[in-house]
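Only the coordinates and a few stated rules stand behind these numbers; no lab work does. The structure presented is a predicted model; accordingly, all values stated were derived computationally and were not measured. Neighbour counts run over all protein chains shown; Cβ positions are idealised from the backbone, glycine included.
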Amino acid sequence: MKFPSDAKVNITLRDQNQEAAAFLAREFGFSNVTSRVLAARGIIEPQSVRQFLAPSLKEGLISPYQMVDLAKACELIEKSLNHDQKIAIALDYDVDGLSAGAILYNFLKQAGGNVYGFVPDRFSEGYGLNKRIVEEAQSLGCNLLVCVDFGTHNREELDLCRKLNIKTIVIDHHQLGDSAHPKADAFLNPCREDCGFAGRLMSAAGLVWYLLLGLKDSVARARGIDPKNFLDLAALGTVCDMVPLIGINRVIARRGLELLANSERVGIKALIKAAGLSRNLKSSDLSFVLGPRINAAGRINNASNVFELLTTVDSERASLIARSLNDLNSERQKIEAKSRDHALVAAQKLISADVDGCRRSLVICDDGYHIGVIGIIAQRLVEHFYLPSAVIGFDHDGSLKGSVRGVQGFSVIKALSQAKDHLIKYGGHESAGGFSLKVEELEAFQKSFEQAARDQLGGTKAEIKIEADTEVKLSEIDELVVKEFEKFSPFGIGNPAPCLFSKRARVIELKTLKDLHLKVKLSDGSHKITALLWGKTEHPELKVGNIVDFAFRADCSYFGGIPEVQANLQAVRKTL
């Protein structure tokens, strides 16, 4: 995440275990820096190290039957397939929902199932299962409806399914809040209090892939289907939904990325080609290149064409859709830029009007905000001001629709729960969420959200906490260390790229790049390193001659074919 340059930064070190680091250096031949990072993260035992560096499906997965109601879901699907009954899949319009729905649809198709996919329209229908989908499923003669990446809070629609004699499975990972369990025939959600599967931290795509493991013996093997072949889509949803890339999620993401690089799925191949990527994909390619293109459809238009992209076997049709997603993503970027600039100005006015300097949150509302990008705008506000931020636009029915992003130490779902009396509906996670409310409740929501921020943050502006893995001398950072760090990928929440900390470096040169970024030359007296501050052209501590401490991620530039180690700055402070 980007942080405001003037924000208070607290750089701390993980607990260091020098004895374990020395053992790892001897046992595996790692550099001293890499050994210290592994030891600081508690990856010490030889088997843990091997599993971390080369995640194995055999060693890294737990039994799917530890998930509550998975056996019930498998039984319902087996019955539908064995009796040639029609199955409906209702799926969310974001990357995770689309990937998860495509996994299940493709699997059931290969198993000989008669299956239909339904994606709600963000603008005319909003998030979640709706009456239109239920009634269409009934008209098609579907006996089973599977909700993917929503359903936990769709009690009325699930009740309608029951009245229409449609069996239901909910596969979701959103928190229940104060809600009771939905009355589905099978409710797969690791956040239910009697489950906790995989630490409650899986994506919908990961959960659906685990459902396939549950169907392995009864359905997949008999029909010659290998669940491993769906790891490409599972990785796409897992990485883009920003679940912690540890444990099961790390196994799915790592093995899925390997499969994505050689995927024969025509939609994936077309998307990679249209985006101009090589087949050597990194997790960042999913998060910042493929994911935004997939999301653009649901944000600007309708995501049904993305579902078609991920399920079609027609390469020409896949290429056409993939190219259209490029266009939609460009349109999304223009819309986002306009709304972002307006929101930044509005937020600054709020902060400037707060004479006592005690504001701890931002709630920005405007009828010109495209509701497809309000989540992105909320994130931009957090990056600029580092305050919990809610951005609200007008929905098609005249109500307000908002999206929230949080900061360290602030629970979005807890804040929304605290404001529930003012909301029509809400949902989300610790770091992000969404809601809708009536226009007349806006002021009450603003007050409630601000109070929640004060309650959770203790009345003070959140402090940015950067946890570095180990302290280093600049002489220790070389190309070998960078290459060893690459083995730690995929990177994301729960498994960030190694963060290093160096003290007492002098700023000896400054240069701006394309009026967007700051390039800095730092020296500790004996060694120099080029450092980059992305997305900013100045920093209060980065002045020629200043002595600074800094946290950074090391990588290599290969300009002209010559490798040069660089420091991507995460935080800079005046030397203490």
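Computed quantities for the displayed model
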| read-out | value |
| --- | --- |
| Between region 231-258 and region 100-140, the alpha-carbon center distance in angstrom | 23 Å |
| Sequence of Arg359, Arg254 once ranked by neighbouring C-beta atoms within 10 Å, starting from the fewest | Arg359, Arg254 |
| Tilt relative to the chain, helix 374-385 - C-alpha long axis, 0 to 90 degrees, to 10 | 20 degrees |
| Amide H contacts under 5 Å for Ala571, placed H, 5+ residues apart | Ala551 |
| Cα-based helix-to-principal-axis angle, 442-457 vs the chain, degrees rounded to 10 | 50 degrees |
| Extreme residue, positive dipole direction of the chain, given options Pro496, Gly427, Asn189 (C-beta unit charges) | Pro496 |
| Using θ = phi - 60° and Karplus 6.51 cos²θ - 1.76 cosθ + 1.60, couplings along region 469-482 (whole Hz; Gly, Pro as x) | 6, 6, 8, 9, 8, 4, 5, 7, 9, 9, 4, 4, 4, 4 |
| At R0 = 35 Å, FRET efficiency that the Cβ-Cβ distance of Glu316 and Ile493 yields, to 0.05 | 0.40 |
| Listed residue pairs exceeding 28 Å between alpha carbons, taken from Lys109/Lys228; Lys183/Lys425; Lys167/Lys273; Lys72/Lys273; Lys414/Lys461 | Lys167/Lys273; Lys72/Lys273 |
| Listed peptides 547-556, 217-226, 315-324 by packing density, highest first (mean Cβ within 10 Å) | 547-556, 315-324, 217-226 |
| Computed label-point distance, nm, for sites Glu45 and Leu13 using a 7 Å Cα→Cβ extension | 2.7 nm |
| Cross-link reach list, aspartates and glutamates versus Lys438, counting only Cα pairs under 19 Å and skipping chain neighbours closer than eight places | Glu125, Asp366, Asp367, Asp395, Asp397, Asp421, Glu450 |
| Region 392-408 and region 504-576: distance between their alpha carbon centers, rounded to Å | 38 Å |
| Nitroxide proxy distance, nm - points 7 Å out along Cα→Cβ at Glu430 and Glu467 | 1.0 nm |
| Rounded tilt (10° steps) of 95-110 against the dominant C-alpha axis of the chain | 40 degrees |
| Residue-span extension gain [Val439 to Arg454] - 0.36 nm each, minus C-alpha spacing | 3.0 nm |
| Additional length obtainable on full extension of the chain from Ser523 to Leu576, 0.36 nm per residue less Cα span | 17.4 nm |
| Residue list for region 524-546, given a label point 7 angstrom along the Cα-to-Cβ vector of Ser475 and an amide N cut-off under 16 Å | 524-529 |
| Net lengthening on full extension, Ala180/Arg223 (0.36 nm per residue, minus Cα-Cα) | 11.7 nm |
| Centre separation in Å (Cα based) which lies between region 311-370 and region 184-204 | 31 Å |
| Label zone at Gln408, where the point sits 7 Å out along the Cα-to-Cβ direction: region 542-557 residues whose backbone N lies under 20 Å | 542, 548-554 |
